[in-house]
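The values are calculated or read from the model by the stated rules, or taken from the named source; none is laboratory data. Worth saying up front: this structure is predicted, and the values here are computed from it rather than measured. Note that we place each Cβ from the backbone using ideal geometry, even for glycine, and neighbour counts take in every protein chain shown.
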Amino acid sequence: MKDKGNTGKRGALTPLDVFMILICVICVAGVAVRAIVGRDASVPAPKPEQTEYAVSFELTGARADATGYFTAGEVLYTEDGEVFGTVRDQVSVTPAKIFSEDEDGRLVLSYSGADNGDGSLVDIKGTLTLEGFETDYGFLVGGKLYIAPNYELTLHTSKTTANVRITGINPAGE
């Protein structure tokens, strides 16, 4: 005799089977997204190609003997030791502007005696050549360090450390 107690169709999908398969597909998709996005939940963006830029800088109120530290070909480094850029041959040195009050309380402009060698102050202006790219919110040197006009940062040479102010950023050909 045949067993009549188990007459259901074998192989048909029930709603519970469909639900379990859907849960498995969602889990696999979640693992794939996590692998692509990463732990910090940010989608890796392709970095633009870095090109050469000319960045003008200004160092105000430096000691007169610092002029020899910013010569053509001198490499400047950031505080963490990464190469920032190389000084071009366009470095100008002028006596530093000094503002003082006269007896009436008005500001009077005078210039430091930079040529007498007694610790006088100078203003140094020059141009650096460096690699980077522009973004929607500014310029990134080497794809990492943000700079903009009027931005001040500490840079190092092999001989000194100085706080410079960025005065302009242009593609190298301009």
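In the range 110-169, what residues are of a type in the set (A, V, I, L, M), farther than 16 Å from Gly61 by Cα and part of a strand (DSSP E or B)?
Leu128, Leu130, Leu140, Val141, Leu145, Ile147, Ile169
For the structure I just gave you, tell me whether Ile26 is modelled with pLDDT of 85 or more and in a helix (DSSP H, G or I).
yes
If I ask for residues that are loosely packed, with under 13 Cβ neighbours inside 10 Å, in contact with a strand residue (DSSP E or B) (Cβ under 9 Å, 6 or more places away or on another chain) and at pLDDT below 85, which ones from the range 103-131 would you list?
Leu109, Ser110, Asp115, Gly119
Would you tally the residues in the range 132-156 being farther than 17 Å from Glu79 by Cα and crowded, with 16+ Cβ neighbours inside 10 Å?
Adding up the residues that qualify gives 2.
Kindly check whether there is at least one residue in the range 139-153 that is over 20 Å from the mean Cα position of the chain (by Cα) and either in contact (Cβ under 8 Å) with a residue 40 or more places away in the chain or over 20 Å from Phe70 (Cβ atoms) (or both).
Checked the range 139-153: no residue is over 20 Å from the mean Cα position of the chain (by Cα) and either in contact (Cβ under 8 Å) with a residue 40 or more places away in the chain or over 20 Å from Phe70 (Cβ atoms) (or both).
Scan the range 78-99 for residues that are surrounded by fewer than 16 Cβ atoms within 10 Å (Cβ to Cβ) and not polar (S, T, N, Q) and jot them down.
Within the range 78-99, Glu79, Asp80, Gly81, Glu82, Val83, Asp89, Lys97, Ile98, Phe99 qualify.
For the range 69-80, what are the residues that are out of contact with any Gly (no Cβ under 7 Å at 6 or more places or on another chain) and in contact (Cβ under 8 Å) with a residue 12 or more places away in the chain?
Passing the criteria: Tyr69, Thr71, Ala72, Gly73, Glu74, Val75, Tyr77, Thr78, Glu79.
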